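Below is one structure; the comments refer to it alone.
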C-alpha cells in the first residue's frame, strides 16, 4: 500500500474504525442535497460517508455529547472579500459619505 496517497491513509483509517466490527444497518432519512453534499465532502477527505457516520456515532457513544452548531461559516471567497473591505476601511479607500440626508445621498449618486 502506498502511504503517500490519501487513499492509502483512508484505507488504514477505515480498517482501524471497522476492525472486528459486527455491522448493523441504520436507515436514516435526510434531505437529498444534504446527503449529496456530505458524500462530496467525505470523498474530498478520502473517506466514505459510512466511515464518517460511524466515527460520529462512536464519538457520540464515547462522549455522551452532541455538538450542533447554528453558526454559519464564511466561504473562503467571502473571507477574502471582507479582508479587502477591512483594508479599505482602515485606509479610507473606496468609501463615500457619511450622508446626513437622502437629498445629499441622491446628489452624490447623480454626480457619479
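The condition (being in a helix (DSSP H, G or I), at pLDDT below 90 and exposed (fewer than 10 other Cβ atoms within 10 Å of the Cβ)) is satisfied by just one residue among 68, 16: 16. For segment 47-61, the criterion of being out of contact with any helix residue (DSSP H, G or I) (no Cβ under 8 Å at 6 or more places or on another chain), over 23 Å from residue 22 (Cα atoms) and assigned to a helix (DSSP H, G or I) is satisfied by no residue at all.
The values are calculated or read from the model by the stated rules, or taken from the named source; none is laboratory data. Note that the structure is a prediction, hence the values are computed from the model and not measured. No Cβ is skipped: glycine too gets one built from the backbone with ideal geometry, and neighbour counts run over all protein chains shown.
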